Amino acid sequence: MRPAWLFTLSALLASSALAGPLTYDDALKLADQTAPSLRAQDADVRAAQSSAISAGRLPDPKASVEATDFPISGPLAGRPNLDNFSMVTLGVSQEVPSTAKRRSERAVAATVISETEAQRLLEQRRVHIAAGLAWIDLYYAERRLAALDEIEQALAPMRRSAPAQLASGAERPSQTVEPAQLTAALADRRAELVAAVEMARADLGRWIDGAQAAEPSGDPPSETIDPVALRANLDDLPELRVRAAAIDHADADADLAKAAKQPDWGVGVDYSHRDPRFGDYLSAKVTMSLPIFGSTRQDPLIAARLEDVDSAVAEQRQTRRDLAAALDSALADHVMHHERLDQARGALVPLAERRAHLEAASYAAGTASLTDVLSAALALAEAKVDLINREADVARDGARITLTYGSNPQ
C-alpha cells in the first residue's frame, strides 16, 4: 500500500492535468487516486493493521508498593523500627492469559484486517462504477447536444424561407408561425441537453478532482460481455469477500469465547524490607483463574457467538443469491437494450432519414409544405438523439456489468 503523502501528490498532479482530454480508462485510474472515500478506507486498513500489533500480547506487568503492620497504638505506636512485623514491600506481578485466548485474540485481529481490506476493495469497485458511469454520461450528453446542433444548422435555411413562402402564397399565414414554434421546441430541447452535460460534469467531479474541466476523449468501453466468465467470477466479488471475512471474524470470536473456559495465570514476586535487626523477606506467588461457573458465564457467550457464525453464513448465502439474481437481471436488460439499439440503427433512424429526404424532395417539387419538411426534420432529430440514448444505455450496461461483476481492480 502506498503511503498517504504519495496519494496526496498524485491527486494534486491529477487535478492540475485535467483541463484537457480524459479517456475512460484514465478516469478510472484518477478516481483511484483522488476519491476521498478510498483514502478513508486506506486509513481504516492501516488502523486495523496497527491495532493487530498489540493483539495477543501479554498485559503490562504491575508494580506495587505496600507498607504493612505499621504500629499505630500501644507502646510501639509510631516506632516501626522496634516492631518485628513492620515492613515495606515492593512487588512485581504479571498476568498471563491462556495461550488459547492470546491465539484467538490474534486471530480476531487478523480477521478485522481482512474485513477492512475487503471493504476497501468493495469501495474501490463502487468508485470505479460511479466514475465510469459519470464519464459515459458526459460522453453521450455531449454527443446528444452535438447531434441537435447539427440538425438546427440544417434546418436554419428552411426556417428563413418561411416569409418568402408566405409572400408567394405557397403557405397559409398560420403556417408561417410553425418555424418559430419549431425553433422554440428545439431551444427547449437544447436547454435540457445543456443541463444534462453540466450535471454529468458535476457528477464526474464527485469522483475525480478537476474533472469539471475535462473533455471525454477516445471510445467508450467495449460492449462485449461474457456471461459465463462473469458467473464464474461471482465467488471472488468483494461483496462475498466481505461476507467471508465476517464469517472468519465470527469464528474467531467464537474461539475467543471458548478460550475463556481455560484458566488464566499470574505470577508475582514481592520483596519485603524490615529493620535490619529482623531481616528481609522474599515472596513468590502463582495465581490461576477458576472458570467453574461455565453454565452461567462462558457457555451462554459461546452459544451466542456460534449463533453469530450461523448468521454470517446465512448472510453470505443470501448475498450470493442476490448477486446472481442481479447479474441475470442486468444481463437481461443488456440484451433488451442491444435489441432496442439494433432496432434504432436498422429501422427507426433510416426510416426517419428517408422520410426527411422524401419530404424535402416533395417540397422542392411543390407537392409538400414547409411545415411537412420541418416536421420530418424534427422527427429525424429526435430519432438521432434517441439513437444516442440507446447507445448510452448499452454502454452504461456494459460498464456497470463489467465493473460490478468482472475481475477485481488492481
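Please treat every number below as a calculation from the coordinates, not as lab data. Keep in mind it's a predicted model, so treat the numbers as computed, not measured. Glycine also receives a Cβ, built like all others from the backbone with ideal geometry; neighbour counts cover every protein chain displayed.
Observations on the model:
- To the nearest ten degrees, helix 238-259 and the longest principal axis of the Cα atoms of the chain are 10 degrees apart.
- Between 0 and 90°, nearest 10: helix 24-34 axis offset from the chain longest Cα axis: 30
- Per residue, the Cα convex hull of region 206-262 amounts to 139 Å³.
- Ignoring lysines fewer than eight residues from K258 along the same chain, the ones with Cα atoms less than 20 angstrom from its Cα are K101.
- For the chain, the relative contact order is 25 percent, taking Cα pairs closer than 8 Å that sit 6 or more residues apart in sequence and dividing their mean separation by the residue count.
- Rounded tilt (10° steps) of 298-343 against the dominant C-alpha axis of the chain: 10
- Proximal aspartates and glutamates to K261, defined as alpha-carbon separation beneath 20 angstrom and excluding residues fewer than eight positions away on the same chain: E95, E105, D251, D253, D299, E307, D308
- Lys/Arg +1, Asp/Glu -1 at C-beta; region 334-410 dipole; positive extreme among G346, H334, L370: H334
- Under 16 Å from K62, Cα to Cα: lysines that are on another chain or at least 8 residues apart: K285
- Per residue, the average separation of C-alpha pairs within less than 8 Å and at least 6 apart gives region 325-389 a relative contact order of 38 percent.
- Listed candidates (i) 57, 25, 20; (ii) 59, 35, 19; (iii) 80, 25, 16 - label of the one calculated as semi-axes √(5λ) of the Cα gyration tensor in Å: (iii)
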